[in-house]
Amino acid sequence: MRHDTHELLAPLPGTARQIHSFHYGPDAATGKVYIQASLHADELPGMLVAFHLKQRLAELEQAGKLRSRIVLVPLANPAGLEQVLMDTPLGRYELETGQNFNRGFVDVADQVGDAVQDHLGDNPEDNRQLIRAALHAALLAEQGSTQLQSQRLTLQRLACDADLVLDLHCDFESVEHLYTTPEAWPQVEPLSRYFGAQASLLATDSGGQSFDECFTLVGWQLQQRFGARFPIPPISFSVTLELRGQADVNHVMAERDATAILNYLTYRGAIEGDIPMPPALAQPATPLAAVEPVSTSVGGLLVFNAVPGQYLEAGELVAQIIDPISDRVTPIYNQHPGLLYARTLRRMASAGMVIAHVAGRQPYRSGYLLSP
């Protein structure tokens, strides 16, 4: 195992933060897997999963079982981790700018396309390696002028040449679910099975340039640009694993999630060993555009009637909003059938607030599909 330290741009004199990456497996391996945790710094289940992965990967490396290089970043957002205001962690948005830590990653698709357009050929694998090299060079050429930008670039540079990128997150209160692209779904389906995902949500471009899409979108955009003339294979595929809710930080769940990831890496051939049979798929994959953000038009005390993991028909009672002054009770219903996979932790709702998400099957939304 090799432990690398990556210095971030210091925002002020006397301050310094680093990204720490842990590298397992043979340096000469052809394949690479990248795994990171807690990019939203208030989402800690992935950090505990990374702790268990570190122990297991060290054992596998010692036994000579790793066929691919595996890079693990257990704490992907040191800047956000320090943001605690009056005993409340605020790790989703940078306080100075209000920017979401998992949005706005650098888009270098045009630079990569310009760099490779005169060198592409008829061999798909040669084109893949050419694009990856150009992507790495383009990211190295970018100069972040803030700590947040340097953090984003550090993570992108670490992951840009990986075959598989896993980004470990969680929701507020939720069941296991994941995000990936329709193009990657055939490769991701076994992971969904091992992980026990109750919802697998698919979108090619969900908006916002989140970490998981900042690599897949490069490949997709190059396919649109050059695909009629040259074979452009996917340069990688990415998955965001949502490890239930923020309070689900315990060893039993973390060990189970780490085992699911290792079983999947064994299935893919990154780890040598007997391949466990994937369980049955818990739920079929559905479009992210079919997710209904259930909102309330009034503010008040939020009392849920539906729980994560519950299937709802259209028009079921999701929650009630109680006005403690007038005693008025406002029922909140979902409009589309689907699985309620996540809901807010807050119990005092404000008017217009999204309180839950329901994974339907028929797409009806377009444009920006993510939460803010």
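The values are calculated or read from the model by the stated rules, or taken from the named source; none is laboratory data. None of these values were measured; they are calculated from a predicted model. For neighbour counting, all protein chains shown are included, and Cβ atoms are generated from backbone atoms with ideal geometry for every residue, glycine included. Side chains included, ligands, DNA and RNA excluded: accessible areas come from the protein's heavy atoms. Shrake-Rupley method; radii C 1.70, N 1.55, O 1.52, S 1.80 Å.
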(request) Apply 1/(1 + (r/R0)^6) to the Cβ-Cβ distance of Ser326 and Gln62, taking R0 = 41 Å, and write down the FRET efficiency to the nearest 0.05. (result) 0.05
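Count the DSSP beta bridges whose two residues both fall in the chain, then state the antiparallel fraction as a percent rounded to the nearest 5. Intermediate values should be presented prior to the final figure.
Values: 41 of 64 bridges.
In the chain, DSSP labels about 65 percent of beta bridges as antiparallel.
Counting Lys and Arg as +1 and Asp and Glu as -1, what is the net charge of the other residues whose Cβ lies under 9 Å from the Cβ of Thr204? If you can, show how the numbers build up before the last one.
Details: positive: none; negative: Glu183, Asp205, Glu213.
That works out to -3.
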(message) Using a 1.4 angstrom probe on the protein heavy atoms only, could you order Trp185, Trp220 from most to least accessible area?
(response) Trp220, Trp185
(request) Considering only protein heavy atoms, with the full assembly of protein chains and a 1.4 angstrom probe, order Tyr341, Tyr93, Tyr179 by accessible area, largest first. (result) Tyr93, Tyr179, Tyr341
(request) Give me the net charge of Gly300's neighbourhood, meaning all other residues with Cβ under 15 Å from the Cβ of Gly300; Lys, Arg count +1, Asp, Glu -1. (result) +1
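Which of the trypsin sites (Lys or Arg not before Pro) across the stretch 166-261 are loop residues per DSSP, with 10 or fewer other Cβ within 10 Å?
The qualifying sites are Arg229.
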(request) Using only protein heavy atoms and a 1.4 Å probe, report how much of His3 is accessible, in Å² to the nearest 10. (result) 90 Å²
(message) With every protein chain left in place and a probe of 1.4 Å, what is the accessible surface of Asp122, to the nearest 10 Å²?
(response) 130 Å²
(message) Relative contact order for the chain: what percent, with Cα pairs under 8 Å and sequence separation of 6 or more?
(response) 17 percent
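Could you work out what % of the accessible surface of the stretch 127-237 is carbon and sulfur, using a 1.4 angstrom probe and leaving DNA, RNA and ligands out of the count?
51 percent
When a/c reaches 1.5 or more, the comparison of a/b and b/c decides; with that in mind, is the stretch 95-244 rounded, prolate or oblate per its Cα gyration tensor? Please report the intermediate quantities before stating the final value.
Details: a/c = 2.35, a/b = 1.25, b/c = 1.88.
Since a/c reaches 1.5 but b/c is at least a/b, the shape of the stretch 95-244 is classed as oblate.
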(message) For Met86, Met348, give me the order by solvent-accessible area with a 1.4 Å probe, most accessible first, ignoring ligands, DNA and RNA.
(response) Met86, Met348
(request) State the extension gain, in nm to one decimal, for the chain segment bounded by Glu313 and Ser350, taking 0.36 nm per residue of separation less the distance between their alpha-carbons. (result) 10.8 nm
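Treat every Asp and Glu Cβ in the stretch 218-319 as -1 and every Lys and Arg Cβ as +1, leave all other atoms uncharged, and give the resulting dipole magnitude about the Cα centre to the nearest 20 debye. Let's see the in-between values first.
On the way: 5 positive and 9 negative charges, 107 e Å.
My answer is approximately 520 debye.
Can you send over the carbon and sulfur percentage of the accessible area for the stretch 316-363, probe radius 1.4 Å, protein chains only? Provide the component values of the computation, followed by the final result.
Numbers: 1380 of 2530 Å².
The nonpolar share, carbon plus sulfur, comes to 55 percent.
Roughly to the nearest percent, how much of the accessible area of the stretch 41-83 is carbon and sulfur, given a 1.4 Å probe? Intermediate results must be reported in sequence, preceding the final value.
Numbers: 900 of 1730 Å².
C and S atoms contribute 52 percent here.
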(request) Grab every C-alpha pair in the chain, bin the distances at 10 angstrom width from 0 up to the longest one, and report whole percents. (result) 5, 22, 32, 26, 11, 3, 0, 0
(message) Give me the extension gain from Leu370 to Thr88: residue separation times 0.36 nm, minus the current Cα-Cα distance, reported in nm with one decimal.
(response) 99.2 nm
(request) Can you pull the one-decimal nm distance between simple spin-label points at Glu255 and Ser295, each 7 Å off the Cα toward Cβ? (result) 4.4 nm
(message) Please compute the modelled spin-label separation between Gln362 and Glu142, points set 7 Å along Cα→Cβ, answer in nm with one decimal.
(response) 3.9 nm
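Taking 0.36 nm per residue of separation and subtracting the Cα-Cα distance, what length does fully extending Asp4 through Asp126 add?
Numbers: separation 122, 0.36 × 122 = 43.92 nm, distance 2.92 nm.
Taking Asp4 through Asp126 to full extension adds about 41.0 nm, to one decimal.
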(message) Using 5 Å bins from zero, what percent of all Cα-Cα pairs in the stretch 172-294 falls into each bin?
(response) 2, 10, 17, 20, 19, 15, 9, 4, 2, 1, 0
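Restricting to DSSP H runs of at least four residues, report the calculated mean residue ellipticity at 222 nm for the chain, -39500 (n - 2.57) per run over all residues, nearest 500 deg cm²/dmol. All intermediate terms of the calculation are to be shown ahead of the outcome.
Details: 8 runs with 104 residues, N = 372.
Using -39500 (n - 2.57) per qualifying helix, the result is -9000 deg cm²/dmol.
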(request) Treating only the Cβ atoms of Lys and Arg (+1) and Asp and Glu (-1) as charged, compute the dipole magnitude of the chain about its Cα centre; round to the nearest 20 debye. (result) 220 debye
(message) Shape verdict for the stretch 230-341, please, from the Cα gyration tensor: rounded (a/c under 1.5), prolate (a/b greater than b/c) or oblate.
(response) prolate
(request) Note down the magnitude of the dipole of the stretch 48-179 about its Cα centre, charges +1 on Lys and Arg C-beta and -1 on Asp and Glu C-beta and zero elsewhere, to the nearest 20 debye. (result) 460 debye
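Calculate, for the chain, the solvent-accessible area per residue in square angstrom, rolling a 1.4 angstrom probe over the heavy atoms of the protein chains.
Working: 16470 Å² over 372 residues.
Averaged over the residues of the chain, the accessible area is 44 Å².
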(request) Over the stretch 40-190, calculate the relative contact order: mean separation of alpha carbon pairs under 8 Å at least 6 apart, over the residue count, as a percent. (result) 24 percent
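If Lys and Arg each add +1 and Asp and Glu each add -1, what is the summed charge of the other residues whose beta carbon sits under 12 Å from the beta carbon of Tyr368?
Values: positive: Arg103, Arg365; negative: Asp205.
Net charge in that neighbourhood comes out at +1.
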(request) Round to the nearest 10 and report in Å² the accessible area of His119, as given by a 1.4 Å probe over the protein chains' heavy atoms. (result) 120 Å²
(request) Apply the Debye scattering formula to the stretch 46-149, with a single equal point scatterer on each alpha-carbon and no solvent, then give log10 I(q)/I(0) at q = 0.12, 0.15, 0.16, 0.21 Å⁻¹. (result) -0.71, -0.95, -0.99, -1.07
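Assign one of three labels to the stretch 322-372, namely rounded, prolate or oblate, based on the Cα gyration tensor with a ≥ b ≥ c the square roots of its eigenvalues; rounded applies when a/c is under 1.5, prolate when it is not and a/b is larger than b/c, and oblate otherwise. If you can, show how the numbers build up before the last one.
Values: a/c = 2.40, a/b = 1.91, b/c = 1.25.
Since a/c reaches 1.5 and a/b is larger than b/c, the shape of the stretch 322-372 is classed as prolate.
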